[in-house]
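Quick notes on the structure that follows.
The values are calculated or read from the model by the stated rules, or taken from the named source; none is laboratory data. These numbers were taken from a predicted model, which means no experiment stands behind them. Reconstructed Cβ throughout: ideal geometry from the backbone, glycine too, with neighbour counts over all protein chains shown. Accessible surface is based on the protein model in full, side chains and every heavy atom, while ligands, DNA and RNA are left aside. Shrake-Rupley method; radii C 1.70, N 1.55, O 1.52, S 1.80 Å.
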Amino acid sequence: PASLTNNEQHPGRSILILPAVILISAIGLHELIKIILKIPKTFSKYAALSLISLLVVWDILHALIAYTVYFPAQRDEDFMNGTKEAVIYALQNQGKYKEIVFDPYRGVVAPYIVSIPHMYILFYSKYDPAVYQKEIKRTGDEYYGFGKYTIRRINWPVDRNSKDTLYIGSPWVLSEKDIPSENILKRIYLKNGNLAFLVVQTP
């Protein structure tokens, strides 16, 4: 079914076919081993079994390297990397500002990923659930806020005029050429070296 759609593919949409693929692969391997065991020549038999074993080991190692080395470097932004570092910095410096604005839209190529920074704020600040459930939230179509924190799109031409505010956003919304260098407090990078977030204060 996923092949009939036009948007980005996701393994969750094709996971239902996995049991069939695994079963067919297991039956095929079982039958192949049976055929090999029937080979009369001992050398040829063990050579074929060794080749299959090497291919299996190679496939497992390739998958392990791809999963632990290449995948985190290439797709770490999709797993919200950098958000923890940004939130911890905000928490450590929250006493200096009357408001902290976190833009949920991020992306190196374009701001196409929508993250959930408020969950990171609640988790790493050990925010009291009883307080969070009872306090009045600031909500609207494009923003969400509690305490000093506001989650919304940053509009720097307007927001640059605010006072005592800390902004955390992607380079797409906080362009370095429009911000005095002394107001850029921190740059947060992904593992591949791309700039993920800028932490900026207003005068």
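Taking R0 as 41 Å, what FRET efficiency do you get between ASN93 and ILE52 from their Cβ-Cβ distance, rounded to the nearest 0.05?
On the way: r = 58 Å, r/R0 = 1.42.
The calculated FRET efficiency here is 0.10.
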Review point. Over the range 68-117, what is the relative contact order in whole percent, taking alpha-carbon pairs under 8 Å and six or more residues apart?
Key: 29 percent
Exercise for review: Please work out how much length the chain gains when fully extended from LYS148 to TYR127, using 0.36 nm per residue of separation minus the C-alpha to C-alpha distance, in nm with one decimal.
Suggested key: 6.3 nm
Point to revise | Option label - log10 I(q)/I(0) by the Debye sum over Cα atoms at q = 0.10, 0.16 Å⁻¹ computed here, alternatives (1) -0.62, -1.08; (2) -0.49, -1.04; (3) -0.38, -1.02 | key: (1)
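May I ask you to order 162-171, 15-24 by the average number of other C-beta atoms within 10 Å around their residues, highest value first? Walk me through the intermediate numbers first.
On the way: 162-171: 19.3, 15-24: 9.9.
The densest-packed peptide leads the list: 162-171, 15-24.
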Review point. How far is it, in nm, from the label point at LEU61 to the one at ILE39 when both lie 7 Å from their Cα along the line to the Cβ?
Key: 2.1 nm
Check your understanding: Hey, if you put +1 on the Cβ of every Lys and Arg and -1 on every Asp and Glu Cβ in the range 33-170, which of LEU37, VAL101, ALA90 ends up farthest toward the positive end of that dipole?
Key -> LEU37
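Could you sort LEU55, LEU185, LEU190 by accessible area so the largest value comes first, with the probe set to 1.4 Å?
Numbers: LEU55 105, LEU185 60, LEU190 15 Å².
Largest to smallest exposure gives the sequence LEU55, LEU185, LEU190.
Please identify the DSSP H helices in the chain that span no less than 20 Å along the helix axis (Cα) and have a mean Kyte-Doolittle hydropathy of 1.0 or more. List each step's numbers first, then the result.
Values: long enough: 18-37 (28 Å, 2.02); 42-65 (34 Å, 1.54).
Both cut-offs are met by 18-37, 42-65.
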Practice item. Report the relative contact order of the range 1-147, percent, no decimals, based on alpha-carbon pairs under 8 angstrom and at least 6 residues apart. Key: 11 percent
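Please report the carbon-and-sulfur percent of the accessible area for the range 94-135; probe 1.4 Å, protein heavy atoms only, DNA, RNA and ligands left out. Numbers along the way, then the final one.
Values: 1580 of 2540 Å².
The nonpolar share, carbon plus sulfur, comes to 62 percent.
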Review point. With the other protein chains left in place, how much accessible area per residue, in square angstrom, belongs to the chain at a 1.4 angstrom probe?
Key: 67 Å²
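Grab the beta carbon distance between SER25 and PHE79, set R0 = 22 Å, and tell me the FRET efficiency rounded to 0.05. Working shown, then result.
Working: r = 29 Å, r/R0 = 1.31.
My answer for the efficiency is 0.15.
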